[in-house]
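S.K.: This is the structure I have questions about; it appears just below.
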Amino acid sequence: VSGPAERSILVGDERWRLWEKGEGEPLIFLGGLRGLPRWPKVLDLLATQQRVIAPSLPGFPGASGHDRLDDLADWVAATLDRIDGCEVGPCNLVGASVGGALAAEVAAFSPALVKRLVLIAPFGLFDDAEPVADIWAKRLSEIPPLLSAKPDALAEFLARPDDVDAIDWQVLLARANEAAARLLWPTGDLGLRKRLHRIQAPTLLVWGSDDRVVPASYAKRFAAGISGWVETTSIAAAGHMAEIDQPEAVADAILGFTS
Amino acid sequence: MKLLWFHLMPYTDLPDDFTERHPSVWVDIDPSLFDPIRAHGMYNEFMDELEHAAEMGFDGICVNEHHSNGYGMMPSPNLIASTLARRTRDTALVILGNSLALYNPPTRVAEEMAMIDCISGGRVIAGFPVGTPMDTCYAYGRNPSQLRQRYYEAHDLVMKAWQEPEPFTWNGRFNKLRYVNVWPRPIQQPHPPIWIPGGGSVETWRWCAERDYVYTYLSYFGYKAGEATMRGFWEEMDHLGKDRNPFRAGFLQFVGVAESRAEALDIYGEAADYFYNRCLHVDARWAMPPGYASEKTIRARVESQIAKAANLASDARAFDQPSFEDIVEQGYVVIGSPDEVAEQLREVAVHLNVGHLMLLLHFGNMNSQLTAYNTELFAKRVMPQLSGLFEDEWENRWWPKPLAQESTATPREVAR
């Protein structure tokens, strides 16, 4: 896997990392839990056919500023800033988990910005009958199998690069976890249910068959609410972080839907 | 020095197999274990014990706040403090305290503490803890990433509400109130003494020093474990150019007094074991909500390599399970004859330089007879050996200034 080109974008006094690779139709990717501590294989596969752009969300690797965001309006505005900063106009938008919740919000608040929408196991809804897991009330040993059906792939994704200080790396991952919690604590319900009808873009819902965080049945709840055309794809042998567990299958599904 | 009597109000009937059958004493503790009729007895015994301590001459009696917690039956310490205000005469009422970020709006704290200050004739000490992760983030659902920001804002709001002479508008980040006008207002002016229960972070020490607040270290693990923290606190005071007035600090200590050390070891073992093994059976799941610890604290933890993962005892438990020998050996509980306890506590106070010692003379499932015995032995035979300490040398600027005795109201006797 060769790395992406990296730029630093400054809007107001917020700065973030922007990764980009590939040519063709632009596709903006918003990362999931832990963000993008490294360039993942799934983006490299997408970049073989499309122009993949991944701006860092506040508090996730490559950006700070999450501690200035207090409510959903702040988060949506910060996400819109990032999409504007990609300077590609209306485009395909892909978000995973926490990034999926924000991608859905963007598609609801600014439908004209999104050509096609891909949500990989997004947060944003909560149903008492089948609650989303509490990912922040777990023993340390319980976390990898909760997030991933292939803990080795997750461990590789989160492994510290040789040239990074061990403490800095721990702080980086802890900050990403905090940033996700800042948006989603305590249940992950953003009130998105009331806005789903505003999503007009054709939408692909991608779910790991073994998602232990946001149950796969949530795809039905999203599909029922979204106004645009909806397709749903189940990824075999994948957990909540399906794009890490099964990058090939997830990339194929996204390319099939957006090409 | 000031000697204060602290009650945690633990539920005393957790079953013998509690640690084997239940994951945690906190947050998701099994509700079926709570018997309200037994709690009727416990609450009344516990309040008797606090009142007894006041009668026996302790300088202050302390209550605190916990939620969904089997060892702390005081979700609202203010309720208990208000009854103590009526049933005690001149003892300081130390509310340690109200976790400010949990109150909406936080002016509720300013109101209730002012009420208790009025009822008690100006005897309130106002404690403002951030609160544990279990209480704040899990039981009360507060966002751990916002907790401290909310805490600081709530503090600023409460302090302004007590001191501002006119109604004002608070357009804060988390609280927006068009009209802030706390009524009643506290007797103690400009405000009751402020005590901050804290962990060991440098940020909190500085914050206390800047505002001239008392810093209290409420650890369950005694003076040996607290030594490094208090040394750090005083070094920071030196660094900031503050004096070493011991009344800037408070420290919590479990104590068991008997006629002899052998007797003390005999009679307090069960209660200590109940507290450290049953009451502190806290699932590690609740220990580390993301954002609760600052990045500075995370760095310090990793650098010091104190613990495998953020000071957790293991993957499963937040705290160790010590034997009674460890409990005594490590100084979690100070045990002995009155003279031995006095000597140890004098050493603790002098060595840690703390002018406010908060004593847990009830702990675990201790019954009321044993609590009374411990309290009386302490009051009669330990207290006289300690109470003069620091008093000549230092002024305690952090103690309530109540109304003169002749000005205070006397509650009417109630016919039974």
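The values are calculated or read from the model by the stated rules, or taken from the named source; none is laboratory data. Keep in mind it's a predicted model, so treat the numbers as computed, not measured. All Cβ positions, glycine included, derive from the backbone under ideal geometry; neighbour counts span all protein chains shown. In case anyone asks, the SASA skips ligands and DNA or RNA and just uses the protein heavy atoms, side chains included. Shrake-Rupley method; radii C 1.70, N 1.55, O 1.52, S 1.80 Å.
S.K.: Hey, among the residues in segment B:36-71 that are touching a residue at least 12 places away in the same chain (Cβ under 8 Å) and of a type in the set (V, I, T), which one's nearest to B:F275 (Cα to Cα)?
M.R.: B:V63
S.K.: Going by the conditions given, is A:L184 open to solvent by less than 10 Å² (accessible area, probe 1.4 Å), within 17 Å of A:V250 (Cβ to Cβ) and not polar (S, T, N, Q)? Explain how you work it out, then say what you get.
M.R.: Working: open to solvent by less than 10 Å² (accessible area, probe 1.4 Å): yes; within 17 Å of A:V250 (Cβ to Cβ): no; not polar (S, T, N, Q): yes.
Against the criterion (open to solvent by less than 10 Å² (accessible area, probe 1.4 Å), within 17 Å of A:V250 (Cβ to Cβ) and not polar (S, T, N, Q)), A:L184 does not qualify.
S.K.: Still on this structure, I have one more. Being within 12 Å of chain B (Cβ to nearest Cβ), in a helix (DSSP H, G or I) and not hydrophobic (A, V, I, L, M, F, W, C) narrows it down to one of A:R182, A:R193, so name that one. Let's see the steps before the verdict.
M.R.: Details: A:R193 fails: within 12 Å of chain B (Cβ to nearest Cβ).
Going through A:R182, A:R193 in turn, the sole match is A:R182.
S.K.: Right, another one. Do any helices (runs of 4 or more DSSP H) lying entirely in segment B:243-361 carry at least 1 residues that are open to solvent by 40 Å² or more (accessible area, probe 1.4 Å) and more than 14 Å from chain A (Cβ to nearest Cβ), and which ones are they? Before the answer, list the steps.
M.R.: Values: elements: B:261-273, B:295-304, B:324-329, B:338-352.
Per the criteria, B:261-273, B:324-329, B:338-352.
S.K.: Among residues belonging to segment A:167-179 that are under 25 Å from B:R317 (Cα atoms) and open to solvent by 20 Å² or more (accessible area, probe 1.4 Å), point out the one that is farthest from the other protein chains (Cβ to nearest Cβ).
M.R.: Residues of segment A:167-179 that are under 25 Å from B:R317 (Cα atoms), as a first pass: A:167, A:170-171, A:173-178.
Filter once more, keeping what is open to solvent by 20 Å² or more (accessible area, probe 1.4 Å): A:167, A:170, A:173-175, A:177-178.
Details: A:I167: 5, A:Q170: 6, A:L173: 10, A:A174: 6, A:R175: 7, A:N177: 4, A:E178: 4 Å.
Per the stated criteria, the residue is A:L173.
S.K.: Of the residues B:T216, B:T204, B:T229, which single one is assigned to a strand (DSSP E or B) and on the phi < 0 side of the Ramachandran plot? Walk me through it before giving the result.
M.R.: Values: B:T204 fails: assigned to a strand (DSSP E or B); B:T229 fails: assigned to a strand (DSSP E or B).
When all the criteria are applied, what remains is B:T216.
S.K.: Keeping to segment A:90-113, report how many residues are free of Cβ contacts under 8 Å to residues at least 40 places away in the same chain and touching a strand residue (DSSP E or B) at 6+ places or on another chain (Cβ under 9 Å).
M.R.: First, the residues of segment A:90-113 that are free of Cβ contacts under 8 Å to residues at least 40 places away in the same chain: A:90, A:106, A:110, A:112-113.
Add one more test, that the residue is touching a strand residue (DSSP E or B) at 6+ places or on another chain (Cβ under 9 Å), and what stays is A:90, A:106, A:113.
The number of residues fulfilling the criteria is 3.
S.K.: Name the residues in segment A:114-138 that are out of contact with any strand residue (DSSP E or B) (no Cβ under 6 Å at 6 or more places or on another chain), touching a residue at least 12 places away in the same chain (Cβ under 8 Å), open to solvent by 40 Å² or more (accessible area, probe 1.4 Å) and over 18 Å from A:K194 (Cβ atoms), would you?
M.R.: Taking segment A:114-138 first, the residues out of contact with any strand residue (DSSP E or B) (no Cβ under 6 Å at 6 or more places or on another chain) are A:122-125, A:127-138.
Among the residues that remain, those that are also touching a residue at least 12 places away in the same chain (Cβ under 8 Å) are: A:122-125, A:127, A:130-136.
Those left that are additionally open to solvent by 40 Å² or more (accessible area, probe 1.4 Å): A:127, A:130-131, A:134.
Answer for segment A:114-138, where residues must be out of contact with any strand residue (DSSP E or B) (no Cβ under 6 Å at 6 or more places or on another chain), touching a residue at least 12 places away in the same chain (Cβ under 8 Å), open to solvent by 40 Å² or more (accessible area, probe 1.4 Å) and over 18 Å from A:K194 (Cβ atoms): A:E130, A:P131, A:D134.
S.K.: Which residues, counting only those in segment B:362-394, are in a helix (DSSP H, G or I) and either in contact with a Cys (Cβ under 7 Å, 6 or more places away or on another chain) or basic (K, R) (or both)? Please lay out each step first, then the result.
M.R.: Looking only at segment B:362-394, we keep the residues that are in a helix (DSSP H, G or I), and these are B:368-386.
Answer for segment B:362-394, where residues must be in a helix (DSSP H, G or I) and either in contact with a Cys (Cβ under 7 Å, 6 or more places away or on another chain) or basic (K, R) (or both): B:K380, B:R381.
S.K.: Can you tell me which residue is farthest from the chain's Cα centre (by Cα) among those in segment A:40-77 that are over 28 Å from A:A253 (Cα atoms) and more than 14 Å from every other protein chain (Cβ to nearest Cβ)?
M.R.: Out of the qualifying residues, it is A:A77.
S.K.: Here's another thing I want to ask about it. So A:A153 ticks every box in (1) open to solvent by 30 Å² or more (accessible area, probe 1.4 Å); (2) under 22 Å from A:G62 (Cα atoms); (3) more than 14 Å from every other protein chain (Cβ to nearest Cβ) but one. Which box is left unticked?
M.R.: Looking at each condition in turn, A:A153 falls short on (1).
S.K.: Going residue by residue through segment B:84-95, is there one that turns out to be open to solvent by 10 Å² or more (accessible area, probe 1.4 Å), closer than 30 Å to A:L183 by Cβ and of a type outside the set (A, V, I, L, M, F, W, C)?
M.R.: Within segment B:84-95, not a single residue is open to solvent by 10 Å² or more (accessible area, probe 1.4 Å), closer than 30 Å to A:L183 by Cβ and of a type outside the set (A, V, I, L, M, F, W, C).
S.K.: Restricting attention to segment B:118-158, report how many residues are in a loop (DSSP other than H, G, I, E, B), in contact (Cβ under 8 Å) with a residue 12 or more places away in the chain and either open to solvent by less than 20 Å² (accessible area, probe 1.4 Å) or within 11 Å of chain A (Cβ to nearest Cβ) (or both).
M.R.: Residues of segment B:118-158 that are in a loop (DSSP other than H, G, I, E, B), as a first pass: B:121-123, B:128-132, B:140-146.
Next cut, in contact (Cβ under 8 Å) with a residue 12 or more places away in the chain only: B:121-123, B:128-132, B:140, B:142-146.
Still in the list and also either open to solvent by less than 20 Å² (accessible area, probe 1.4 Å) or within 11 Å of chain A (Cβ to nearest Cβ) (or both): B:121-123, B:128-129, B:131, B:140, B:142-146.
Number satisfying all stated conditions: 12.
S.K.: Right, here's the next one. Pairs needed: first member in segment B:164-186, loosely packed, with under 10 Cβ neighbours inside 10 Å; second member anywhere, not in a strand (DSSP E or B); C-beta distance under 7 Å; at least 6 residues apart or different chains.
M.R.: Close Cβ pairs satisfying both conditions: B:Y179/B:P167.
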